[in-house]
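Novice: First the structure, then my questions, so here it is.
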Amino acid sequence: MAHTLDERIMVFDPPVQRELTRLVRGLFAVEDDALHRVRQNTRDLGLPEMQIRPEEGQMLQFLAQVIGARRILELGTLAGYSGIWLARGLPDDGLLTTLEVDARHAQIARDHFALAGVAERVTIIEGPALETLARLESAPPYDMVFLDADKENHPAYLDWAIEHVRSGGLITAHNAFRGGLMVTGGADGKVAATREFLRAMAAHERLTGTIIPVGDGIAAAIVR
Ligand code: SAH
Ligand code: MG
């Protein structure tokens, strides 16, 4: 089951695409010691290897910096890997709030944020994201949201995000391609929910969206 980092370059990608991914990774998405250790630790602790790839993390960090994000909300912390990339895209007084339902994941992520030196910029809120979002209702708008929790709720998370991301802010979501299942006819509940999510993003009058074809596809929309 354990995948090496290279295997986690999309397995259905043709050889040239894999080499191009390695090119991007080698130039722009180099993991420092902390990120490398977090990835290794996540595997050693037997957590599911669902974290984003380095070039996806670096793309998210790039996007955060493009819009000058100061407040980012993440759904789905796991062991903190994506959160570290995002937090490092924030200014010193910026804040990443990240939501996680699994208490063990949250505890491990807490250790990893400390290891990566971003703990003071990150708040983890435990619990099912839908419930937490309802409590965040009155909080001021976010500059950027990154959705990477339970895919079945992505359409609902999108509705929330549209109301809570500032004009000019970004709504992003991982796994827009679902490993290729979006086009190869696979039809589990996650594919159906992802399709609904992408259609809603594409159709919404206040969103200008796209899928950035890095890794498993990052859906991204700017709020007008
Ligand atoms: N973003 C992480 C990977 C997240 S994996 C990274 O790239 O490093 C998905 C995570 O979402 C898991 O840790 C899972 O426990 C969490 N999750 C699943 N359903 C959730 C829910 N309803 N609310 C909050 N978190 C949830
Ligand atoms: Mg994901």
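The values are calculated or read from the model by the stated rules, or taken from the named source; none is laboratory data. On a predicted model such as this, the values are computed, not experimentally measured, just so you know. Reconstructed Cβ throughout: ideal geometry from the backbone, glycine too, with neighbour counts over all protein chains shown. Side chains included, ligands, DNA and RNA excluded: accessible areas come from the protein's heavy atoms. Shrake-Rupley method; radii C 1.70, N 1.55, O 1.52, S 1.80 Å.
Novice: Between residue 135 and residue 181, what is the label-point separation in nm under the 7 Å Cα-to-beta-carbon projection?
Specialist: Reported label-point gap for residue 181 and residue 135 is 3.1 nm.
Novice: List the residues, sorted by chain then number, that are 5 or more residues from residue 149 or on another chain and whose placed amide H is less than 5 Å from its amide H.
Specialist: none
Novice: Quick one: which of 103-113, 180-190 comes out on top by average Cβ neighbours within 10 Å, and what's the full order, highest first?
Specialist: Values: 103-113: 18.7, 180-190: 12.1.
Packing order, densest peptide first, comes out as 103-113, 180-190.
Novice: Ordering 67, 84 by how much accessible area each has at a 1.4 Å probe, largest first, what is the list?
Specialist: Largest to smallest exposure gives the sequence 67, 84.
Novice: Put +1 on the Cβ of every Lys and Arg and -1 on every Asp and Glu Cβ in the chain; which of 91, 79, 215 then has its Cα farthest towards the positive end of the dipole?
Specialist: So the residue we want is 215.
Novice: Which net charge results when you count Lys and Arg as +1 and Asp and Glu as -1 among the other residues whose beta-carbon is under 9 Å from that of residue 21? Don't skip to the end; give the middle numbers.
Specialist: On the way: positive: 18, 22, 25, 53; negative: 13, 19, 55.
So the surrounding residues net to +1.
Novice: Work out, step by step, the length gained on full extension between residue 28 and residue 195: first 0.36 nm times the residue separation, then minus their alpha carbon distance; give nm to one decimal.
Specialist: On the way: separation 167, 0.36 × 167 = 60.12 nm, distance 3.03 nm.
Value of the extension gain: 57.1 nm.
Novice: Treating only the Cβ of Lys, Arg, Asp and Glu as charged (+1, +1, -1, -1), what charge dipole size does the chain show about its Cα centre? Round to the nearest 20 debye. The partial results should precede the final answer.
Specialist: Numbers: 23 positive and 31 negative charges, 78 e Å.
For the chain, the charge dipole is close to 380 debye.
Novice: Mind ordering 135-141, 118-124, 147-153 by average Cβ neighbours within 10 Å, highest first? Don't skip to the end; give the middle numbers.
Specialist: Values: 135-141: 10.6, 118-124: 18.1, 147-153: 20.4.
Packing order, densest peptide first, comes out as 147-153, 118-124, 135-141.
Novice: Taking the Cβ of residue 213 as the center, what net charge do the other residues with Cβ under 12 Å away carry, scoring Lys and Arg +1 and Asp and Glu -1?
Specialist: Details: positive: none; negative: 13, 55, 56, 216.
Around residue 213, the surrounding residues sum to -4.
Novice: Let me check I've understood the local charge: for residue 168, count other residues with C-beta under 14 angstrom from its C-beta, Lys and Arg +1, Asp and Glu -1. What total comes out? Present the calculation step by step, with values, prior to reporting the outcome.
Specialist: Working: positive: 70, 71, 166, 206, 224; negative: 143.
Residues close to residue 168 contribute a combined charge of +4.
Novice: Using θ = phi - 60° and the Karplus form 6.51 cos²θ - 1.76 cosθ + 1.60, what ³J(HN,Hα) does each residue of region 132-149 get, whole Hz, x for Gly and Pro?
Specialist: 5, 4, 4, 6, 7, 2, 8, 5, x, x, 8, 7, 7, 10, 10, 9, 8, 10
Novice: Moving to a separate point now. Hey, quick one: spin label on residue 156, modelled 7 Å out along Cα-Cβ, who in region 88-124 has an amide N within reach, i.e. under 17 Å?
Specialist: In region 88-124, the label zone of residue 156 (backbone N under 17 Å from the point 7 Å along Cα→Cβ) covers 99-102.
Novice: Please give the solvent-accessible surface of residue 62 in Å², to the nearest 10, using a probe radius of 1.4 Å with every protein chain present.
Specialist: Rounded to the nearest 10, the figure is 120 Å².
Novice: Still on this structure: Residue 29's amide H: which non-local residues (gap 5+, or another chain) put their own amide H closer than 5 Å, with H modeled 1.01 Å from N in plane and none for Pro or chain starts?
Specialist: So residue 29 has HN proximity to no qualifying residue.
Novice: Calculate, for the chain, the solvent-accessible area per residue in square angstrom, rolling a 1.4 angstrom probe over the heavy atoms of the protein chains.
Specialist: On the way: 10360 Å² over 224 residues.
So the chain comes to 46 Å² accessible per residue, rounded to a whole number.
Novice: For region 84-224, what relative contact order do you get, as a whole percent, if you take Cα pairs closer than 8 Å and at least 6 residues apart? Let's see the in-between values first.
Specialist: On the way: 203 pairs, mean separation 27.8, N = 141.
Computed over region 84-224, the figure is 20 percent.
Novice: Sticking with this one: Using a probe of 1.4 angstrom, how much of the accessible area of region 88-135 is carbon and sulfur, in percent? Intermediate results must be reported in sequence, preceding the final value.
Specialist: Values: 1190 of 2290 Å².
Carbon and sulfur atoms account for 52 percent of the accessible area of region 88-135.
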